[in-house]
Amino acid sequence: MRVNFLNGLPEETTIHWHGLRLPNAMDGVPDVTQAPVGPGERFTYSFTARDAGTFWYHPHSNSSEQIGRGLHGVLIVEERTPPTVDRDIIWVIDDWLVGRDARLADAWNAPHHASHAGRYGNIATINGRTRPRMSVDAGERVRIRLINVANARIFNLHLEGHAPWIVAIDGQPVEPFRAASDDLYLGPGMRIDVIVDMTGEPAQESRVVDTYANARGVEIGRLVYGTGRRQGEALPDPAPLARNPIRPPDLRRAERHEIIFGGGAMGGMMGMSWGGMQNMMREGMFWLINGDVMRPGSDGAWRPFLTLRRDRTHILRMRNRTAFDHPIHLHGYSFRVLARNSRPLDRRLLQDTVMMAPDETVDIAFVADNPGDWMFHCHILEHQNAGMMGMIRVA
Ligand code: C2O
Ligand code: CU
């Protein structure tokens, strides 16, 4: 893939290819993997797309505002043998903070957002439309690629009256399984590919709801059946997608590391001195990784908070000692999610972003086979900007 990028913004930016395992120099992080691209300047990204799947791209500069205003795109790498479906569609799910004047609210990175749950909006959209009515036909099988591009909002989706199969998470295939009640749980940055059999009747309408914000379910869209019907027989279970060439971690010989997230409002700052806390907050920094506010040094350079030996398996035990949920994202890798609160998962999941609930411990593992300086951060963009982004070096 080769992208000739021209920055038409009045400010600097870069493009990050979220979830792709690419060479570090193409990762699009300003002052880490490349110089920022100034207004009117150009940069050429070129790399081989190694993994098939659903990915996306977005700026990595002034992220809350640039992504929040809608600068992002979907990147699909097709499978050599795609699954048999009638249609393959994309739902880009977003959330907007709109004021009474019907304009996007300013105050990007407002301290209240940065120190609490991030910039939560008041309007959810699918593909840029509020509560879209999405046409389907009785009997058809549809692949839907769900992508949460919101700054901060977490979605727990339900397609009422339907039983989607989950076939990939964060672009990486999983053994297909039926989504149970909380399985379409998407933090910012995450993707889930589902295969849905449209088992409703002609002319039926079914709600698509989010139950994260409100347990009774807020409608964010609707499946609207046409009057026709496709084949009448039940379809076979979907076959698994072919796995991507990711080296499996060697867990018996893994090197172990611990990462502790702290800070934030509602008690998370405990353990810091009052003076230290006040200084931090005055600069708009609210979050800690392993007890430190993460930011570049006075020379503008980022320094790694963790260095991993190349080609070894590493297990990161991550502890969320804050009062908030965080989607934690690592660049350049798809990691195995091993365990939550020390309980092994019953599925083999490869992700680039993983949700952590308050007080939760999540263990992830990967082979450090992609050298370079990789950002590791919360994908709630106002947290990322307020200290919850550090650099991991693979050398
Ligand atoms: Cu989509 Cu640094 O992330
Ligand atoms: Cu966060």
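The values are calculated or read from the model by the stated rules, or taken from the named source; none is laboratory data. Just so you know, these numbers come straight off a predicted model, no measurement behind them. As a convention, Cβ positions derive from the backbone with ideal geometry for all residues, glycine included, and neighbour counts pool all protein chains shown.
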> So which residues in the stretch 35-63 are surrounded by 16 or more Cβ atoms within 10 Å (Cβ to Cβ), of a type in the set (S, T, N, Q) and assigned to a loop (DSSP other than H, G, I, E, B), if there are any at all?
Replying inline: Ser61, Asn62
> Residues Asp170, Asp137: which one is within 20 Å of Tyr57 (Cβ to Cβ), touching a strand residue (DSSP E or B) at 6+ places or on another chain (Cβ under 6 Å) and among the acidic types (Asp, Glu)?
Replying inline: Asp170
>> Which count do you get for residues in the stretch 380-395 that are among the hydrophobic types (A, V, I, L, M, F, W, C), in contact with a Lys or Arg (Cβ under 9 Å, 6 or more places away or on another chain) and within 10 Å of ligand 2 (Cβ to nearest atom)?
In response: 3
> What's the number of the condition Thr322 fails, among (1) in a strand (DSSP E or B); (2) within 16 Å of ligand 2 (Cβ to nearest atom)?
Replying inline: (1)
>> I need the full set of residues from the stretch 17-53 which are of a type in the set (Phe, Trp, Tyr) and touching a Leu at 6+ places or on another chain (Cβ under 6 Å), in order please.
In response: Phe47
> If only one of His314, His377 is surrounded by 18 or more Cβ atoms within 10 Å (Cβ to Cβ) and within 14 Å of ligand 2 (Cβ to nearest atom), which one is it?
Replying inline: His377
> Applying the selection to the stretch 1-34, what residues are loosely packed, with under 13 Cβ neighbours inside 10 Å and either within 16 Å of ligand 1 (Cβ to nearest atom) or part of a loop (DSSP other than H, G, I, E, B) (or both)?
Replying inline: Gly8, Pro10, Ala25
>> Being out of contact with any strand residue (DSSP E or B) (no Cβ under 6 Å at 6 or more places or on another chain), over 19 Å from Arg256 (Cα atoms) and more than 14 Å from ligand 2 (Cβ to nearest atom) narrows it down to one residue among Asp369, Asp299; which is it?
In response: Asp299
> Among the residues of the stretch 318-345, how many are of a type outside the set (A, V, I, L, M), more than 16 Å from ligand 1 (Cβ to nearest atom) and under 19 Å from the mean Cα position of the chain (by Cα)?
Replying inline: 6
> Of all residues in the stretch 252-268, which are farther than 18 Å from Val362 by Cα, at pLDDT 95 or above and surrounded by 11 or more Cβ atoms within 10 Å (Cβ to Cβ)?
Replying inline: none
>> Given the condition small (Gly, Ala, Ser) and either closer than 30 Å to Ser298 by Cβ or within 16 Å of ligand 2 (Cβ to nearest atom) (or both), answer yes or no: does some residue in the stretch 78-101 qualify?
In response: no
> Give me the pairs: first residue in the stretch 382-393 and under 17 Å from Leu330 (Cβ atoms), second residue within 12 Å of ligand 1 (Cβ to nearest atom) and of a type in the set (Ser, Thr, Tyr), beta-carbon distance under 7 Å, and six or more apart or on different chains, which are they?
Replying inline: Gln384/Ser63
